[in-house]
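The values are calculated or read from the model by the stated rules, or taken from the named source; none is laboratory data. Everything numeric in this text was worked out from a predicted model, so none of it was measured. Positions of Cβ are backbone-derived with ideal geometry, glycine not excepted, and every protein chain shown enters the neighbour counts. Side chains included, ligands, DNA and RNA excluded: accessible areas come from the protein's heavy atoms. Shrake-Rupley method; radii C 1.70, N 1.55, O 1.52, S 1.80 Å.
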Amino acid sequence: MKPSDVSTLPDGVPEALEAEGIEEFYPPQAAAVEAGVADGRSVVASVPTASGKTLIAELAMLSSVAAGGKALYIVPLRALASEKKAEFERWEEFGIDVGVSTGNYDSDGEWLATRDIIVATSEKVDSLIRNGAPWVRDLTCVVSDEVHLVDDSGRGPTLEVTLAKLRKINRDLQVVALSATVGNAGEVAEWLDAELVESDWRPIELKMGVHYGNAINFDDGSQREVPVERGEKQTAALVADALDETVDGDRGSSLVFVNSRRNAEAAAKRLADVTAKRLERGETTELEQLASEIRDDSDTETSDDLADCVRNGAAFHHAGLSATQRSLVEDAFRDRLIKCICATPTLAAGVNTPARRVVVRDWRRYDGEFGGMKPLDTLEVHQMMGRAGRPGLDPYGEAVLLAKDRDTMDELFERYVWADPEEVQSKLAAEPALRTHVLATVASGFATTREGLLEFLDRTLYASQTDDDARLAQVTDRVLEYLEANDFLERDGDSLTATGIGHTVSRLYLDPMSAAEIIDGLRSGVEEGGAGAGSSPRPSKTNAGAEAPADADAGFVTGSDLAGGDDGGDSDEAESTPTVTPLGLYHLVARTPDMYQLYLKSGDRETYEEEFYEREPEFLGDAPSEFEDVAWEDWLAALKTARLLEDWASELDEDVITDRYGVGPGDIRGKVDTAEWLLGAAEQLAGELDLGVNIAIREAKKRVEYGVGEELLDLAGVRGVGRKRARRLFEAGIETRAELREADKSVVLGALRGREKTAENVLQAAGRQDPSMEGVTEDAAASAAAASTDGDEEESGQATFGDFS
Ligand code: ADP
């Protein structure tokens, strides 16, 4: 069967697919077409990695759109959303509009109404439904990628409930669920009323095996000799061996999976020695260039380390890299320029980066709940192994586990090579999951009574898998009590309604527990501030008055500094002005369940205990006692996270922060994004409850958003300026957007290091009439003043992502 046999596709698409090299459907694709995937029928496709699942989804979506419908593609990770969008954009020439919905969880994405295919995460879709996005009703086809992740206790319930909601909104909805091979795909198909396409067919043969001693022992009984020299690591020998074997002039690439970022970096550094020795002439120049692109992307030690590896033909890949760095590495690997990637398992789930040889070096991972190193699931290891083999390039793919002794080799064969993957099991009947979803289900009108609620929950995978209906009812009742006690829901006899604040919490996409924590914290801050009557925790640094002081300490702003601002009407008396500092707010949002806190390392406890006592008056709400071990530890971890945010908002360089907290640049971005969202939510809640702290919250939020001290907020808000340029302009004497419009151009040019194009863009964004820099010369004094902010860092066009805000 081939694309032109599918009559439901838009005109021109079958030819385009065939031109792409899809001459024949892969067998699972043909089976999906036979099951009606291009005719609006629901299908669950449970097939191995890299066997063409995306095309199955495309056949469904394109046919659906051709019939006048609208399709939604749900991705498992936010990082994949733009990649999938880019992939689907090749259909735009056939009149298919593609949109991606990322970003904040509090809009209804109205503009998406005009798109034919929409890509989003399940959290985003859930939030669009909560915000009443009208186009959701127009959907005719929904694809759920990596649907086996309903098994994940963190994010699975959202996917499960979202699919249930979408199917309730539109009874004729076509659901196409793509899954790795799992033990019980039939149950998933039954839940979704879908046809099941199950297959273990692969486009290229996969040999799985275990390296032990001087050879790989494969599952088909064959052996490949790969001797390990004295003092050499098994992984290094395997990567070298793949590279030394040339097939049609092509050296074999390797993908090495390890269990932590640190290990990924360390392994890549070591393997760079192996790849460096095997580079061809010409490749070194290209690699140098790639390395410098990576270095330019962000000024951190991680970038430098990555660039050093890349120069030598190796790379590491983990969630701490920036999106640009990730895609540079992936592309160069697909182009065969990078010979070896050491990755954490996130790579296995995501993009298509096949290698001739996959080495699963670590098959155990630290697990706090488990209390030690826990073996990975078979499903996860199979997904990593499935990345082996590049169709058209390799004779077959090889996936290798490592053993140091015979017993381990036997165990690995049992556990992974011969074993079937696990079954997916719903994780919905847990309180944290239901807390969120029960409130949202009631607030968005999917249920108005307890009975209705239970009936709705009956559409979930959980309900279809369990014989114990009582358990779900029990947890639901506990959750209803919690929501009622916190004034998010009201119960009148049998009927359930969300309160005003309950609606807001649901729309803001907050975990109700986060909302409760934020509300309590803000209330206590307001009360204490009132009692303190203008006194503040660090008197030397405050500066009360109607105007925000330009020289306020970067780490410290009190509500009283801001009481005279435009929205300050809430707080009418100086005596009741709350004392709310950025650190207090950062800590408040960092201790909610919606923030993934930084981990306390050994030694951190003392450091942050000391910080805690030093800054105790700033915390909002009651701190636990030091003797409540878990709660205390949590409080300190939140403090560490809050300190990172405060450092960022005080213009500390990215590399100082990554060093101080042991994180990557991607992590700073992640924490900043989450803090921005949670502070935005806090601002709304405070407004609705009339707490009079909105301005303090907004300012703390703006400061993390831009990564600047208070006095730079105005400048940093100008497009193209960002934290570093704002500081340079400020030091050169230009302190506001208004001043930028009037300033001497030579001063602007001097402050911006003589970059004319940049200066013009900045002036234009600030609203200047005549932004042209033609004939302007740099003012030497301005450039000297600006340069004083640079320390000894290297010149680079856009030194950090903060410059892009
Ligand atoms: P999965 O989502 O199952 O991991 P992908 O959809 O990413 O796999 O497909 C892997 C690769 O196979 C892609 O590069 C895709 O273009 C290619 N491919 C898919 N179907 C076919 C086909 N019928 N013929 C040739 N190549 C195909």
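Taking the range 6-51 as the range and being within 9 Å of the ligand (Cβ to nearest atom), surrounded by fewer than 20 Cβ atoms within 10 Å (Cβ to Cβ) and on the phi > 0 side of the Ramachandran plot as the test, only 21 passes. One residue alone among 92, 87 is out of contact with any helix residue (DSSP H, G or I) (no Cβ under 8 Å at 6 or more places or on another chain) and not aromatic (Phe, Trp, Tyr), and that residue is 92.
Can you confirm whether residue 239 is surrounded by fewer than 17 Cβ atoms within 10 Å (Cβ to Cβ) and β-branched (Val, Ile, Thr)? So residue 239 fails the test.
Residues in the range 636-664 that are open to solvent by 30 Å² or more (accessible area, probe 1.4 Å) and acidic (Asp, Glu): 651, 653, 655, 659. Do the conditions hold for residue 113, that is, is it open to solvent by 30 Å² or more (accessible area, probe 1.4 Å) and either closer than 24 Å to residue 40 by Cβ or assigned to a loop (DSSP other than H, G, I, E, B) (or both)? Judged against the criteria, residue 113 is a match. In the condition set (1) at pLDDT below 95; (2) open to solvent by 40 Å² or more (accessible area, probe 1.4 Å); (3) touching a Gly at 6+ places or on another chain (Cβ under 9 Å); (4) within 30 Å of residue 45 (Cα to Cα), residue 261 is compliant with all but (4).
Selection of first residues in the range 15-27 that are in contact (Cβ under 8 Å) with a residue 60 or more places away in the chain and of second residues that are near the ligand (Cβ under 7 Å from one of its atoms) and open to solvent by less than 60 Å² (accessible area, probe 1.4 Å), restricted to Cβ pairs under 8 Å at least 6 apart or on distinct chains, gives the following pairs, ordered by first then second residue: 26/51; 26/52; 26/55; 26/203. Restricting the range 185-223 to residues that are in contact with a Phe, Trp or Tyr (Cβ under 9 Å, 6 or more places away or on another chain) and open to solvent by 50 Å² or more (accessible area, probe 1.4 Å), the residue that is nearest to residue 355 (Cα to Cα) is 205. Residues in the range 123-154 that are touching a residue at least 60 places away in the same chain (Cβ under 8 Å) and part of a loop (DSSP other than H, G, I, E, B): 131, 132, 139, 140, 145, 146, 152, 153.
Please return the ranges of helices (runs of 4 or more DSSP H) entirely within the range 328-435 where 1 or more residues are more than 16 Å from the ligand (Cβ to nearest atom) and more than 18 Å from residue 181 (Cβ to Cβ). It would help to see each step written out before you state the result.
On the way: elements: 346-349, 378-385, 406-412.
Once the helices (runs of 4 or more DSSP H) in the range 328-435 are filtered for at least 1 residues that are more than 16 Å from the ligand (Cβ to nearest atom) and more than 18 Å from residue 181 (Cβ to Cβ), what remains is 406-412.
Can you pull out every residue in the range 52-106 that is charged (D, E, K, R), within 13 Å of the ligand (Cβ to nearest atom) and either open to solvent by 50 Å² or more (accessible area, probe 1.4 Å) or closer than 21 Å to residue 135 by Cα (or both)?
First pass over the range 52-106, keeping only residues charged (D, E, K, R): 53, 58, 70, 78, 83-85, 87, 89-90, 92-93, 97, 106.
Of the ones still in play, those that are also within 13 Å of the ligand (Cβ to nearest atom) are 53, 58, 83-84, 87, 90.
Across the range 52-106, the qualifying residues are 58, 83, 84, 87, 90.
Looking only at the range 665-672, decide whether some residue is open to solvent by 20 Å² or more (accessible area, probe 1.4 Å), closer than 27 Å to residue 501 by Cβ and touching a residue at least 60 places away in the same chain (Cβ under 8 Å). Within the range 665-672, one or more residues are open to solvent by 20 Å² or more (accessible area, probe 1.4 Å), closer than 27 Å to residue 501 by Cβ and touching a residue at least 60 places away in the same chain (Cβ under 8 Å). The set of residues from the range 602-634 being outside any loop (DSSP other than H, G, I, E, B), surrounded by fewer than 18 Cβ atoms within 10 Å (Cβ to Cβ) and of a type in the set (Ser, Thr, Tyr) comprises 607, 613.
Listed by first and then second residue, the pairs with beta-carbon distance under 9 Å, at least 6 apart or on different chains, first residue in the range 746-763 and on the phi > 0 side of the Ramachandran plot, second open to solvent by less than 20 Å² (accessible area, probe 1.4 Å) and among the hydrophobic types (A, V, I, L, M, F, W, C), are 753/786. For the range 302-317, the criterion of being in a loop (DSSP other than H, G, I, E, B) and at pLDDT below 95 is satisfied by no residue at all. The single residue among 127, 153, 144, 122 that is within 16 Å of the ligand (Cβ to nearest atom) and polar (S, T, N, Q) turns out to be 144. The set of residues in the range 385-408 that are open to solvent by 20 Å² or more (accessible area, probe 1.4 Å) and among the β-branched types (Val, Ile, Thr) contains only 408. Among the residues of the range 270-288, none qualifies, meaning not one is open to solvent by 40 Å² or more (accessible area, probe 1.4 Å), hydrophobic (A, V, I, L, M, F, W, C), in contact (Cβ under 8 Å) with a residue 60 or more places away in the chain and on the phi < 0 side of the Ramachandran plot.
If the condition is being part of a loop (DSSP other than H, G, I, E, B) and either surrounded by fewer than 23 Cβ atoms within 10 Å (Cβ to Cβ) or touching a Phe, Trp or Tyr at 6+ places or on another chain (Cβ under 9 Å) (or both), then the range 693-707 contributes only 707. Residue pairs whose Cβ atoms lie under 7 Å apart, sitting 6 or more positions apart in sequence or on different chains, and linking a residue in the range 53-65 that is of a type in the set (D, E, K, R) to a partner that is at pLDDT 95 or above and within 14 Å of the ligand (Cβ to nearest atom), are 53/45; 53/178. Taking the range 409-439 as the range and being among the β-branched types (Val, Ile, Thr) and either within 22 Å of residue 497 (Cα to Cα) or open to solvent by 70 Å² or more (accessible area, probe 1.4 Å) (or both) as the test, the residues that pass are 436, 438. State whether the residues of the range 137-149 include one that is more than 28 Å from residue 66 (Cβ to Cβ) and surrounded by 19 or more Cβ atoms within 10 Å (Cβ to Cβ). Yes, because at least one residue in the range 137-149 is more than 28 Å from residue 66 (Cβ to Cβ) and surrounded by 19 or more Cβ atoms within 10 Å (Cβ to Cβ). Of all residue pairs spaced 6 or more apart or on separate chains, those with beta-carbon atoms under 7 Å, a first member in the range 366-395 that is farther than 16 Å from residue 254 by Cβ and a second member that is aromatic (Phe, Trp, Tyr) and outside any strand (DSSP E or B) are 375/363; 376/363; 378/416; 381/363; 381/416.
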